[in-house]
Each structure stands twice: as structure tokens, then as C-alpha cells.
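A.B. asks: Take this structure, written in C-alpha cells, and hold onto it; I'll ask about it next.
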Amino acid sequence: MDACESSIECYFICKCLGETMDGLRDGICRFSGPSRAAVIYAVEPDDPMKIYDPQNLLQGHEPKFRELFLDSEQWRNFAVGTGEKRKYGHMRTLKNLGLAGLISFGGRSGPVFYQMWFTEHHPDMCCIGVTERWLEHAAWRVSHDVANGEELYTGISGSFLREYAAHAVRDYVIDEMNVNLGWDSRIRVFPVLEAVLGISRTPEEGRHPWGEIVFAEPKALDRLEWIARFPAAEQPLLENHKHVRKLLQAVEDSERKLVSDGRGILGICFGSPPMFYLSADFFDRYGFFQVNGERICSFADGSFRSTTYRAKLVQVEEALLESNLDPNDGSTLFKIISSLVHHAEVNLFGCTIVIDLNEEPIRISGQTLTEPLDLQRPDNLELAQALARVDGALHLGRDLCLHGFACLLDGRWHPGEDRARGARFNSAIRFSAEHSNILVVVVSSDRPVSIVQEGVDVSAQCAWKPPASSLASPRTLASWVSRTNG
């Protein structure tokens, strides 16, 4: 191959990678929130490993990449087919590399000897399996495009990956079904997923759905603890979202569940099947899709998401670790705060929690108590969860006690205020700006949890717009490691 042909091929591969990465990143951003993506690859067995990382996702992992791909040649040990097998052969998948803060998945094939795709592992993901399927499909798309060559290149890989969420969920579920049941499952996953999204969007008397639907294999039905079964001729079809939504009212706030075989609603039962099953758990405006009771993703507003809808409170944990609190007390206080926040999240109400780390708790206007409530006691913690509903803030001290509730947080104007947010958030900004050793947790009924300290929302994600992949170019992994280490 002369220099001109080599240059054209290099340009084509860069085009494939760039358009695939743009689509992959856009799709994962919708699924998991702001996310970056990167890939390392070698097209031919003798090529140097290259890296394409437009947003510096892989920065900080240079020692591991040096160990795996520069100091060792073991990654080259793979037999590549010849002829038609070389061009259209199957891809051998490569598992997650297990790098901190990253999800990775890739493969080896005839058209592309080695490729490994990466994205961010967000702390609030239900599981990483669905995202791994997304990365795996990106590797398949690139391998397919390179095999077809520039003459047959369609440029649709990026567009397909943008809309891949339901396919990624389906692929993960199918993999789990094959492992647990083999290849003879009678549940058709796509109709189930479409029905779940449709039911979640269907209100009944102004209310969003609550309750759980279990999707069981026919051979598991006789093992269920049935309460009521419907005649075969009268079983509501799963695609009749309005009818199913009405039936969900019979299982709200209970251990009862609707049972489906993937086509219709068969009846109502207690408990779950003793063997493999799928389920959808509806919680008003959002819900969770589960495999054998394990959440694999959530759904809301007609689309699937990766979020658990539970705040991780990382900034709170870091603040407690950095304080002069006894480590055991800090750990206990974090569990108390997490319990209060998660109770508010599950029950869809807003609240404010003032965490006072001063030796002597400050005075806050509100309802004080004759004796502070020891929140290490379960009954007192349950009472604090109920008091969080009352207008005003809870006042927690470093002594693991509740010192007041319905507290009013005042203060002077502060530049950290946001008019797009409510009074609860802006009051926390003002109050924390005027008091030291104070951390304020703001739980909104319709927004993520905010952590406010010294007048700053320390939990806020920086707004950033991903640059187009065309602004960056692949480079050899060796030069990238040398530059970053330098």
C-alpha cells in the first residue's frame, strides 16, 4: 500500500471512529447524564496501539495503559482469519478492564484487530451491564463499517447509537435470559419494554402508576402464589396500556403483583416466581426494570435511564471525612443523613437538612426541642423522617441528635443564588454563606439533591458542551502516555 492509499484509509477509519463516538456519547448522555467516551484501537496486528480521547476521559490511567499495551505484547496474541473470514468474521468480545471510574468493553475482529471503548461509570447507575452492551455495539458498528470499506460506508452508526437505549436494555436482558434459561424463552423482550414505557406514561384519574408487574415464563406460572387468575379469553393484552394501568390500582402499596406472560395480564399473585423472571416496578413518575429482582435500569418520561433516583451524597461523605468528627460518629451521621434524604426521595417530597458540625450547635429560628432526639434510635429516626415533611429545615448536630425542625434559614443576598431554583435552595445558599461549619442538604421533589456549603452548591455539575470529535485526532498510545507523563 502506497502513502496515498494509507492516508485515505487512515482518514476513513478516523471518520468511522469520530461519527460512531459522537453518536455513542450523545446516546449515553441521554441515558446516564453528561458523559464522555474514548477508544483505544489497532486496525492491523502489527499496528501500534492508538488512542482517540477527545475529552481526556482516560487521563490519569496512563500507568495501566503502559503496563497492558506498551510494556507487554500479550494483547497482540490473537489469530486473525484470512480471506472472507478476515473481512466478515465474528467479533471476539473483550471484557471490562476494571479501571476506576470507567466502564469499558470492546472486541477483536478481522477488520479491526483490537478496539476497547470507554465511558464514565457514574456513581448512581443501577448496573453497568446495559452500558457495556452499548459499548459492545459501538465496537460491532466500527468493525462492520471498516469491513465494508469507504465505498459502502453509510454513516448511520452514530445515528443508530444515539437511539440505542431500548436496544441496549433488550440486549442485556436477552444475555441474562440465555444464561438462566437457555435459548427457548417464550418472553419477547421488546414488546415488554414498549409496554412498560407506555404504561408509565398513562395516568389514571390524574395519577401516575404505582405497583409492580411480573413477567414470568409459562413453566413458572404453576409455582406462583396466586390470589386471582383471569380466564384466557378475558386476559387484558399488555399492549392495552390504559386497561393495564387501571388494573395496577389493585396492587398499589401492597405485596400483590400483576402477572404477565409477556402478552397479557394473567392475574394477581403474592411474591415472585422461584425461577428467572422480569419485572417493572412503578413509582409514580418513574420506575425500575428488574431482572430477578435486581434493578438494571430505570424509566421515566417515556425513556430508559441508568439512574437509581437515589442521591449518593458523595460531597456530604467527603465533608464529614474532612471534619474533626470521630470516624465512627462521622459514619453514623452519614447513614442518618442518607436515611432522611432517601425517605424524602422515595416519598416524593422536598425537605432541607442542616448539618451543624460546630462543637456547640448554632441557634436557628424554628421549633426547638426540650431534649434533642438521639437519631441513633430507630424510633427517633422514623420521627425525624416524618418531621422532614414540615415546612422548614431539620437541624442535625455533630452529636447525632436532632436539635430542631421547621427551622427558617435566613441570610443576605449572595451571588450564588439561582432564580431558576426555589426558596428552599436559595435560602440554603444565603444561610450557609453566613455560618461556618455548616452543610445544607436540599432535597427537591422534582430536582436532584443539592449539597450547599459556604454559599456554593458543591454538588452542581459543570455545564459543558462536548466538542465535536472532528476537533481531535487519534494518536499513538505511546506518544499520549509520554506527553501526559511529561
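Read the figures in this text as sums done on the coordinates, not as results from a lab. A quick note: this is a predicted structure, and the numbers were derived from the prediction, not measured. Here the Cβ is made from the backbone with ideal geometry for all residues, glycine too, and neighbour counts use every protein chain on show.
A.B. asks: In nm, to one decimal, how far is the modelled label at Ser339 from the one at Asn240, with both set 7 Å along Cα→Cβ?
C.D. replies: 4.6
A.B. asks: Which aspartates and glutamates have a Cα less than 16 Å from the Cα of Lys15, not counting those fewer than 8 places away in the same chain?
C.D. replies: Glu5, Asp53, Asp145, Glu150, Glu151
A.B. asks: If one takes the longest principal axis of the Cα atoms in the chain, at what angle in degrees, from 0 to 90 and to the nearest 10, does the Cα axis of helix 129-148 lie?
C.D. replies: 20
A.B. asks: In addition: Mind checking the full-extension length gain between Asp46 and Arg76? Use 0.36 nm per residue of separation minus the Cα-Cα distance, one decimal, nm.
C.D. replies: Length gained, Asp46 through Arg76: 10.0 nm.
A.B. asks: Using the basic label-point model (7 angstrom from Cα toward the beta carbon), what is the Ala478 to Arg310 distance in nanometres?
C.D. replies: 4.8
A.B. asks: How would the chain be classified by its alpha-carbon gyration tensor: rounded, prolate or oblate, with rounded meaning a/c under 1.5 and the a/b versus b/c comparison settling the rest? Walk me through the intermediate numbers first.
C.D. replies: Values: a/c = 2.41, a/b = 1.29, b/c = 1.86.
Judged from the Cα gyration tensor, the chain comes out oblate (a/c at least 1.5, b/c at or above a/b).
A.B. asks: List, in order, the whole-Hz ³J(HN,Hα) value for each residue of the stretch 256-273 obtained from phi through the Karplus relation with A = 6.51, B = -1.76, C = 1.60 and θ = phi - 60°; use x for Gly and Pro.
C.D. replies: Listing the rounded values in order: 6, 9, 6, 10, 9, 9, x, 10, x, 9, 8, x, 10, 9, 9, x, 10, x Hz.
A.B. asks: Can you find, among Phe65, Ala428, Pro236, the residue sitting farthest towards the positive end of the charge dipole of the chain, where Lys and Arg contribute +1 and Asp and Glu -1 at Cβ?
C.D. replies: Going by the Cα projections, it comes out as Pro236.
A.B. asks: Compute the relative contact order of the stretch 174-305 as a whole-number percentage, counting only Cα pairs closer than 8 Å that sit 6 or more residues apart in sequence.
C.D. replies: 29
A.B. asks: Would you work out which of Val449, His403, Asn77 lies farthest towards the positive end of the dipole of the chain, given +1 charges on the beta-carbon of Lys and Arg and -1 on that of Asp and Glu, about the Cα centre?
C.D. replies: So the residue we want is Asn77.
A.B. asks: Which value does Rg/Rh take for the stretch 276-429 over its C-alpha atoms, Rh per Kirkwood?
C.D. replies: Result: Rg/Rh = 1.02.
A.B. asks: Aspartates and glutamates within cross-link reach of Lys335: Cα-Cα under 18 Å, excluding same-chain residues under 8 positions apart?
C.D. replies: Candidates past the 8-residue exclusion: Asp124, Glu317, Glu318, Glu322, Asp326, Glu345, Asp356, Asp374, Asp379, Glu382, Asp399.
A.B. asks: I would also like to ask the following. Could you check the simple spin-label distance between Arg412 and Asn292, using points 7 Å along Cα→Cβ, in nm with one decimal?
C.D. replies: 6.1
A.B. asks: For a footprinting-style exposure proxy, rank Ser339, Ser306 by other Cβ within 10 Å, fewest first.
C.D. replies: Exposure proxy ranking, most exposed first: Ser339, Ser306.
A.B. asks: What does the charge dipole of the stretch 220-261 about its Cα centre add up to, to the nearest 20 debye, if the Cβ of each Lys and Arg holds +1 and the Cβ of each Asp and Glu holds -1?
C.D. replies: Using Cβ point charges on Lys, Arg, Asp and Glu, the stretch 220-261 gives about 120 debye.
A.B. asks: With +1 on each Lys and Arg Cβ and -1 on each Asp and Glu Cβ, and nothing else charged, work out how big the dipole of the chain is about its Cα centre, in Debye to the nearest 20.
C.D. replies: 1000
A.B. asks: Using a 10 Å cut-off around each Cβ, can you sort Cys351, Cys10 from fewest to most neighbouring Cβ atoms?
C.D. replies: So the residues, fewest neighbours to most, are Cys10, Cys351.
A.B. asks: A further question on this structure: With 25 Å as the limit, write out which pairs from Lys219/Lys257; Lys219/Lys242; Lys50/Lys95 have Cα-Cα distances beyond it, or answer none.
C.D. replies: Going by Cα-Cα distance, Lys219/Lys242 fall outside the 25 Å limit.
A.B. asks: Still on this structure, please answer the following. For the pair Ala233 and Ala460, what calculated FRET efficiency results from E = 1/(1 + (r/R0)^6), where r is the Cβ-Cβ distance and R0 = 60 Å, to the nearest 0.05?
C.D. replies: 0.60
A.B. asks: Related question: Take every Cα pair under 8 Å in the stretch 325-438 that's 6+ residues apart, average their separations, divide by the length, and report that relative contact order as a whole percent.
C.D. replies: For the stretch 325-438, the relative contact order is 28 percent.
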